[in-house]
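S.K.: Encoded as structure tokens, here's the structure I'll be asking about.
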Amino acid sequence: MTAKKFISCALGIALALDCNATAQQAEGIKAANLKDADLALMANHDPASELANFELLPGFQANLFAADPMLANPIHMVWDSRGRLWVACSWSYPQLKPGDVANDKIIILEDSDGDGRADKSTVFAEGLYLPTGIELSNGGCYVGQSPDIFFLKDTDGDDVADVKELALTGFGIEDSHHSISAWRRGPDGWIYFQEGIFLHTQVETQYGVVRNFNGGVYRFNPRTQELRMFARGTGGNPWGLVFDQWGQPFMVNNPRVLYLEPGTGMGMEQPPIPHLISTEKQCGGDLVTGTHMPEEMRGQLMTCRFKSRAVVRYEFIEDGAGFSANVLEPLIKSKHPNFRPVDCKVGPDGAVYVADWYNSIINHAQHDFRDPRRDHEHGRIWRITHKERPLAEKPKLVGASIASLVGQLASPETWTRHQARKELSEQPRDEVLAALETWVKELDTATPNYDHCLVEAMWTCSNIERPSEVILTRVLAAQEGHARAAGARMIRDWQDKLSDP
């Protein structure tokens, strides 16, 4: 055999072995979960290979914000007022091996030099087991871990929780995929989270027992510890919830998107809620907001198609008393078979941050719980920015005066307004109320988004449990119909405290 033929033969054998190894790696995984993926990348865990295989919407770019060993298997993210990203991570999913000790974590990621990459990773809490949602309030962090909700707090300033309290217990545990998740602090200061089909919940609270079966949305008041049903009849796998700029809620109910019309807010028994659109399984998400993003994209819903490896967009179109929806081109998609986006959030700089579960196997139903291809070592957070638009400036909110925080309610950045409300909720309530009523009284009607400023002030009153008829009256008399509707919704919570509800 000539050298040329020998080399050709060797290359052919190597190629065949490589193809066989690739086929073995993908064996048993649903074809739909690997559609259009480059299977040769399955064993390539270099973040650079993943980055090189991203396809982004024209005008956008991506960079790696954080990766293992800073974190692994991220599930859910939330920002704090300092501009740090809190991430719930689960190494133990889908189930612990006998004898193993649960040690899932909540990790705080910080970009201290502002270069768009995390340079500090702190373990806020560990020893958790399948934490499916986190949200910040009362100076600490609420964690959903069925059947429980815990409150964790750092009291000595080292960013490590030294207080752990059981806030609520009794949530359904039949299926971890459907358990309480998709946590989000609403504009009113209540924490909203969801539960899916087939689960039975019975939670005893100081206000009475809350029961639910077959899906729904809960709302929890971290100031009063009151738990209510916000919506029933959602069914399915509700894995995402967002509020638009006027406080109207939209649910990602895999694979559907729903508008939770005002009648759902009372939490009463009701028929199944009709969906706006049904496309593909998806979870997590956020609305496109802020000045960094192009104006034509603002208000669109971004959510994560973990099966087809994309962050897709939906537009909402006002349609009579409700909405219709259209699906749009993804913000980002990938050929890398391990890219599994599960959550995305707009950050303090206006960029979109994407939690990448990073796994070739993404479901517990079709695969052995002990399948060696389950990746418990990797995970990434990606940051997506517009190439030509300036980033938003992160204001100093922690330690700012009440007057300064109230002034931030007029910010064009949704992130800033949200965090300002949260910071104000932890200040002396009567002082905040007085500052809000003074601000509204002195606000020039020519102020950009004047009616929206009134709504922000009203929501902040809800955050501090101090209803204001002075502010509510102005909201209900606003020129903008969406503002008046927001005021009408607020009467649901304030009706027993108003002189003439």
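The values are calculated or read from the model by the stated rules, or taken from the named source; none is laboratory data. Computed from a predicted model, the values in this text were never measured in an experiment. Cβ placement follows ideal geometry from the backbone for every residue including glycine, while neighbour counts extend to all protein chains displayed. To get the accessible areas, we keep the full protein, side chains included, count just its heavy atoms, and leave off ligands, DNA and RNA. Shrake-Rupley method; radii C 1.70, N 1.55, O 1.52, S 1.80 Å.
S.K.: Going through the stretch 410-439 one residue at a time, which ones are touching a residue at least 60 places away in the same chain (Cβ under 8 Å) and of a type in the set (S, T, N, Q)?
M.R.: Across the stretch 410-439, the qualifying residues are Thr414, Thr416, Gln419, Ser425.
S.K.: Which pairs do you get when a residue that is at positive phi and touching a residue at least 40 places away in the same chain (Cβ under 8 Å), found in the stretch 183-203, comes within reach of a residue that is in a strand (DSSP E or B) and of a type in the set (A, V, I, L, M, F, W, C), reach meaning Cβ atoms under 6 angstrom, with the pair 6+ apart or on two chains?
M.R.: none
S.K.: Kindly indicate the residue of the stretch 448-466 that is out of contact with any helix residue (DSSP H, G or I) (no Cβ under 6 Å at 6 or more places or on another chain) and over 19 Å from Ala485 (Cβ atoms) and also least open to solvent (accessible area, probe 1.4 Å) among those meeting that condition.
M.R.: Across the stretch 448-466, the extreme among qualifying residues is Glu465.
S.K.: Could you please find all residues in the stretch 385-409 being surrounded by 11 or more Cβ atoms within 10 Å (Cβ to Cβ), without any contact (Cβ under 8 Å) to a residue 24 or more places away in the chain, of a type in the set (Gly, Ala, Ser) and part of a loop (DSSP other than H, G, I, E, B)?
M.R.: Of everything in the stretch 385-409, just one residue is surrounded by 11 or more Cβ atoms within 10 Å (Cβ to Cβ), without any contact (Cβ under 8 Å) to a residue 24 or more places away in the chain, of a type in the set (Gly, Ala, Ser) and part of a loop (DSSP other than H, G, I, E, B), namely Ala400.
S.K.: Also: If we only count strands (runs of 3 or more DSSP E) wholly inside the stretch 223-269, which ones have 2 or more residues that are in contact with a Lys or Arg (Cβ under 8 Å, 6 or more places away or on another chain)? Full working, then the answer.
M.R.: Details: elements: 226-232, 237-243, 249-254, 256-259.
Hits in the stretch 223-269: 226-232, 237-243.
S.K.: Open to solvent by less than 60 Å² (accessible area, probe 1.4 Å), touching an Asp or Glu at 6+ places or on another chain (Cβ under 6 Å), closer than 30 Å to Ile332 by Cβ and of a type outside the set (A, V, I, L, M, F, W, C): which single residue out of Asn359, Asn363 fits that description? Give the derivation first.
M.R.: Details: Asn363 fails: touching an Asp or Glu at 6+ places or on another chain (Cβ under 6 Å).
The conditions single out Asn359.
S.K.: Considering only residues that are under 17 Å from Lys441 (Cα atoms), open to solvent by 20 Å² or more (accessible area, probe 1.4 Å) and not in a helix (DSSP H, G or I), which ones fall in the stretch 467-501?
M.R.: Scanning the stretch 467-501 gives Pro467, Ala477, Gln479.
S.K.: Further, regarding this structure: Any residue that is assigned to a strand (DSSP E or B), in contact (Cβ under 8 Å) with a residue 40 or more places away in the chain, in contact with a His (Cβ under 9 Å, 6 or more places away or on another chain) and over 14 Å from Leu57 (Cβ atoms) - is there at least one of those in the stretch 347-369?
M.R.: yes
S.K.: Another question, then. If you scan the stretch 62-90, which residues turn out to be surrounded by fewer than 19 Cβ atoms within 10 Å (Cβ to Cβ) and either closer than 10 Å to Gly379 by Cα or of a type in the set (A, V, I, L, M, F, W, C) (or both)?
M.R.: Matches in the stretch 62-90: Leu64, Asp68, Pro69.
S.K.: Consider the stretch 123-142. How many of its residues are under 22 Å from Tyr93 (Cβ atoms) and either without any contact (Cβ under 8 Å) to a residue 40 or more places away in the chain or touching an Asp or Glu at 6+ places or on another chain (Cβ under 8 Å) (or both)? Walk me through how you get there before you give the answer.
M.R.: Narrowing the stretch 123-142 to residues under 22 Å from Tyr93 (Cβ atoms): 123-135, 141-142.
If we keep only those that are either without any contact (Cβ under 8 Å) to a residue 40 or more places away in the chain or touching an Asp or Glu at 6+ places or on another chain (Cβ under 8 Å) (or both) as well, we get 123-131, 141-142.
Result for the stretch 123-142: 11.
S.K.: Return the total of residues in the stretch 198-221 being under 27 Å from Gln282 (Cα atoms), surrounded by 17 or more Cβ atoms within 10 Å (Cβ to Cβ) and of a type outside the set (D, E, K, R).
M.R.: Adding up the residues that qualify gives 9.
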